[in-house]
Amino acid sequence: SNSLKVIFSGIQPTGIPHLGNYLGALRQWVHLQNTSDDSTTLIYSLVDLHAITLRQPPAQLRQWKRESLAMLLAIGLDPKRSTIFHQSTVPAHAELMWILSCQASTGYLGRMTQWKDKTSGEKEGSEKLKLGLFSYPVLQASDVLVHGATHVPVGEDQAQHLEFAREVARGFNHVYGDGTGPLMVPETIISSAKRVMSLTDPEAKMSKSHANPKSRILLTDSEDEIRGKTNAAVTDSNAGVSYDPVQRPGVSNLIDILYHCTKGAGFADQVALAKDLDGSSLRVVKQRVSDAIEGQVRPIRERYQEIISNDQLLDDASAEGMLKATISASATLAKVKQAIGL
Ligand code: ADP
Ligand code: NA
């Protein structure tokens with residue numbers, strides 16, 4: 001029927017997922033799985049082809065792929081209900097990318113904020129200026145479009161790339177289709193969770209690629225590690241507790257984390273939560289934040305420890321995901337090739 005929903009989202013297997021990935025994306029993936037019925041198809045990809053836009057040591061990448069798959073299972077994704085797969089095992093993604101590359105505008109790609117941020121100050125001939133890094137929004141568009149996704153949940157940092165995907169789909173349909181096909185123009189669902197910022201540098205987002213490991217809470221961190229990193233989080237020397245992300249990014253990030261880890265903690269917003277905390281010392285606030293993080297991470301960490309040592313389970317999940325994603329991708333790819341005369 002027309003009401004069928006196809007949800008697609010992805011994460012790079014470039015390290016153990018962190019609290020920002022969880023609150024900004026992964027928690028919503030599980031929620032969507034657990035609250036939708038059979039009319040919704042859920043497709044979640046470990047986007048390993050995106051991971052190689054920056055050079056990765058091969059053994060490290062293989063390990064990260066395995067760990068990331070284990071983590072998707074540990075947070076509660078069910079491979080029977082959701083399609084969970086490594087992107088590179090389904091060649092239709094790369095194949096559609098080439099076809100869409102012949103449509104995509106280099107001018108539009110050059111205006112992408114992430115491209116500009118990652119390459120600002122680089123001179124022609126720089127090691128960083130790789131074609132794959134430039135064109136990866138086309139691969140991202142293909143990821144979504146090849147499965148006919150109707151809804152794509154992402155963090156706000158990815159909204160621009162999704163708008164590009166929508167534009168590519170509309171353009172392709174205009175040139176080769178009847179205006180409504182063969183590509184589905186997806187809707188973007190921006191996660192309601194704010195960006196989680198780095199604990200050591202609260203003006204930057206928490207990221208797998210930040211050099212300082214104390215900047216992020218991993219979903220595998222022990223309780224001691226969570227407390228240690230939270231206690232060491234950079235704040236400021238202002239008196240009291242208040243929520244002001246511009247003037248007080250470190251303190252506000254802790255309040256955001258507490259708020260989102262406790263699903264609001266009974267407060268209407270972060271400002272109200274901060275008012276309630278005002279009068280507490282930062283030491284006490286950090287204690288509350290650690291408790292809240294540990295409450296979210298503990299069950300995930302425990303499940304992960306069981307799954308990561310189970311090779312059979314991981315191999316089976318990977319094979320099942322590949323099969324389901326291959327079937328899912330084949331219909332759109334066939335229609336696209338037909339439309340362009342291939
Ligand atoms: P990373 O930037 O850590 O490498 P990815 O690029 O693989 O993570 O992103 C996976 C998902 O997690 C995306 O939907 C992204 O928007 C979200 N995400 C990444 N970092 C954060 C963060 N610090 N806060 C909230 N969401 C985040
Ligand atoms: Na990233």
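The values are calculated or read from the model by the stated rules, or taken from the named source; none is laboratory data. As the structure is a prediction and not an experimental result, all values here were calculated from the model. Virtual Cβ from ideal backbone geometry, glycine too; neighbours counted across all protein chains shown.
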Cβ-Cβ under 6 Å, sequence separation 6+ or interchain: first residue in segment 156-176 and farther than 16 Å from residue 139 by Cα, partner in a helix (DSSP H, G or I) and β-branched (Val, Ile, Thr). Which pairs? 176/340
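Yes or no, residue by residue, for (1) among the hydrophobic types (A, V, I, L, M, F, W, C); (2) assigned by TED's automatic domain parsing to the domain that holds residue 60; (3) at pLDDT below 95:
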position: 228; (1), (2), (3): no, no, no
position: 231; (1), (2), (3): no, no, no
position: 249; (1), (2), (3): no, no, no
position: 265; (1), (2), (3): yes, no, yes
position: 273; (1), (2), (3): yes, no, no
position: 279; (1), (2), (3): no, no, yes
position: 288; (1), (2), (3): no, no, no
position: 293; (1), (2), (3): yes, no, no
Among residues belonging to segment 177-194 that are free of Cβ contacts under 8 Å to residues at least 60 places away in the same chain and over 17 Å from the mean Cα position of the chain (by Cα), point out the one that is nearest to ligand 1 (Cβ to nearest atom). 185
Starting from residues that are in contact (Cβ under 8 Å) with a residue 60 or more places away in the chain and touching a Gly at 6+ places or on another chain (Cβ under 6 Å), keep the ones in segment 26-59 and report whichever is farthest from ligand 2 (Cβ to nearest atom). 45
When segment 4-35 is examined, which residues are found to be in a loop (DSSP other than H, G, I, E, B) and either modelled with pLDDT of 95 or more or near ligand 1 (Cβ under 9 Å from one of its atoms) (or both)? 12, 13, 14, 15, 16, 17
Considering each of 281, 290 in turn, give the residue that is closer than 19 Å to residue 237 by Cβ and either among the polar types (S, T, N, Q) or surrounded by fewer than 20 Cβ atoms within 10 Å (Cβ to Cβ) (or both). 281
Does segment 235-246 contain any residue that is more than 12 Å from ligand 1 (Cβ to nearest atom), in a helix (DSSP H, G or I) and more than 30 Å from residue 164 (Cα to Cα)? no
Just checking, does segment 90-100 include any residue being aromatic (Phe, Trp, Tyr), under 30 Å from residue 172 (Cβ atoms), away from ligand 2 (no atom under 16 Å from the Cβ) and touching a residue at least 60 places away in the same chain (Cβ under 8 Å)? no
Let me confirm something: among 94, 70, which residue is closer than 19 Å to residue 328 by Cα, in a helix (DSSP H, G or I) and small (Gly, Ala, Ser)? 94
